[in-house]
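Dropping the structure in here first, questions after.
The values are calculated or read from the model by the stated rules, or taken from the named source; none is laboratory data. Just so you know, these numbers come straight off a predicted model, no measurement behind them. Cβ placement follows ideal geometry from the backbone for every residue including glycine, while neighbour counts extend to all protein chains displayed. Accessible surface is based on the protein model in full, side chains and every heavy atom, while ligands, DNA and RNA are left aside. Shrake-Rupley method; radii C 1.70, N 1.55, O 1.52, S 1.80 Å.
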Amino acid sequence: MKKGDMILLRTSHGKRIREFITVVSDEDYHTDLGIIYMNDILQSSIGDTVQSHKGHTFLIHRPRTPDFFRHAKRTGAPMMPKDIGMIIAYTGLNKNDVVLDSGTGSGILAMYLGSIAKKVISYEIKEDFAEVARQNIINAGLDNVEVRCGDIVEEVKNLDQAFDVITLDTMHSMKVIPHVINILQTGGYVATYSPFIEQTKEIRQSFGEAGFSDVVTLECIEREISFSDRGTRPSTARVGHTGFITIARK
């Protein structure tokens, strides 16, 4: 390990798994389960274990995007991994793509996109949200994601570069769609997220009027399966519906 590396520390405490994300530095890491000495971390590798001064054993992981989804600072409800997965799968997002993202929020979607795409430019209208997203993205070790503060409804009119994929997680998506067709590469995709059917209907109409093809609206229902001594069944702890994903192609 070296200074500046981001690590995930995992330990079992009682009946729960506890996780901590930190950066390797000169300062020892303090948790309620004890102090973890950075000198021990610096002499370790991914997959090794270290002990806190209270005797708790921690396994060292290199954090992945789902870990940052769980531990990143939140400024609101982020898009869920199941919906992000559909966007990635149905747009064919790849390492050569330049992506325009709108509605940055905490930067969760931008981080998933940035872990695959060549470049991501993400717009957030609130400066305090943008600052949180920038720090989350730095913590994730991504240098190909740029967060800009601005209203995408206005900013999209002045963009002069072409994008391969455009993602819109904003209540004003229907106002942005007429303009994104001018900055989307031929064959490229636009993906929108909307929590309500009424908004989704407006988005569909906007895609049709703008001349997009292959428009499809999807909903992904997620059910975690619960295992216990009593039996096995879908868990009641999570709500299946989050929102509607509409994808269109130029």
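Out of ILE166, ILE138, ILE125, which single residue is within 22 Å of ARG249 (Cβ to Cβ) and of a type in the set (A, V, I, L, M)?
Working: ILE138 fails: within 22 Å of ARG249 (Cβ to Cβ); ILE125 fails: within 22 Å of ARG249 (Cβ to Cβ).
Just a single option satisfies the conditions, and that option is ILE166.
Among the residues of the range 198-243, which ones are open to solvent by 100 Å² or more (accessible area, probe 1.4 Å) and under 24 Å from the mean Cα position of the chain (by Cα)?
If the condition is that a residue be open to solvent by 100 Å² or more (accessible area, probe 1.4 Å) and under 24 Å from the mean Cα position of the chain (by Cα), then ARG223, ARG238, VAL239 are the ones that fit.
A further question on this structure: Is one or more of the residues making up the range 96-112 more than 15 Å from VAL145 (Cβ to Cβ) and surrounded by fewer than 17 Cβ atoms within 10 Å (Cβ to Cβ)?
Checked against the condition, which is being more than 15 Å from VAL145 (Cβ to Cβ) and surrounded by fewer than 17 Cβ atoms within 10 Å (Cβ to Cβ), the range 96-112 yields at least one hit.
In the range 224-243, which residues are under 30 Å from SER194 (Cα atoms) and either outside any loop (DSSP other than H, G, I, E, B) or in contact (Cβ under 8 Å) with a residue 40 or more places away in the chain (or both)?
If we filter the range 224-243 for residues that are under 30 Å from SER194 (Cα atoms), which is where we start, we get 224-226, 233-243.
Within the range 224-243, ILE225, SER226, ARG233, PRO234, THR242, GLY243 meet the criteria.
With ILE152, ILE181 as the choices, which residue is closer than 15 Å to VAL99 by Cα and at pLDDT below 95? Reasoning before the result, please.
Values: ILE152 fails: at pLDDT below 95.
None of the other options fit; the residue is ILE181.
Moving on. Which one of these does THR22 not meet: (1) surrounded by 12 or more Cβ atoms within 10 Å (Cβ to Cβ); (2) not in a strand (DSSP E or B)?
Unmet condition: (2).
Condition test on TYR37, is it surrounded by fewer than 17 Cβ atoms within 10 Å (Cβ to Cβ), at pLDDT 95 or above and touching a His at 6+ places or on another chain (Cβ under 8 Å)? Break it down stepwise before answering.
Numbers: surrounded by fewer than 17 Cβ atoms within 10 Å (Cβ to Cβ): yes; at pLDDT 95 or above: yes; touching a His at 6+ places or on another chain (Cβ under 8 Å): yes.
Here the answer is yes, as TYR37 does meet what is asked.
Hey, among the residues in the range 66-80 that are closer than 17 Å to LYS126 by Cα and not basic (Lys, Arg), which one's most open to solvent (accessible area, probe 1.4 Å)?
So the residue we want is ALA77.
Tell me whether the range 114-137 contains one or more residues that are of a type outside the set (Val, Ile, Thr), farther than 20 Å from ALA89 by Cβ, open to solvent by 60 Å² or more (accessible area, probe 1.4 Å) and in a loop (DSSP other than H, G, I, E, B).
Yes, there is a match, as at least one residue in the range 114-137 is of a type outside the set (Val, Ile, Thr), farther than 20 Å from ALA89 by Cβ, open to solvent by 60 Å² or more (accessible area, probe 1.4 Å) and in a loop (DSSP other than H, G, I, E, B).
Does the range 49-65 hold any residues that are assigned to a strand (DSSP E or B), touching a Leu at 6+ places or on another chain (Cβ under 6 Å) and open to solvent by less than 80 Å² (accessible area, probe 1.4 Å), and which are they? Can you show your working first?
Of the residues in the range 49-65, the ones assigned to a strand (DSSP E or B) are 49-51, 57-61.
Subsequent filtering for residues that are touching a Leu at 6+ places or on another chain (Cβ under 6 Å) retains 49, 58, 61.
Selection gives PHE58, HIS61.
Would you confirm whether or not the range 181-189 contains a residue that is open to solvent by less than 10 Å² (accessible area, probe 1.4 Å), within 22 Å of MET86 (Cβ to Cβ) and within 14 Å of the chain's Cα centre (by Cα)?
Taking every residue of the range 181-189 in turn, none turns out to be open to solvent by less than 10 Å² (accessible area, probe 1.4 Å), within 22 Å of MET86 (Cβ to Cβ) and within 14 Å of the chain's Cα centre (by Cα).
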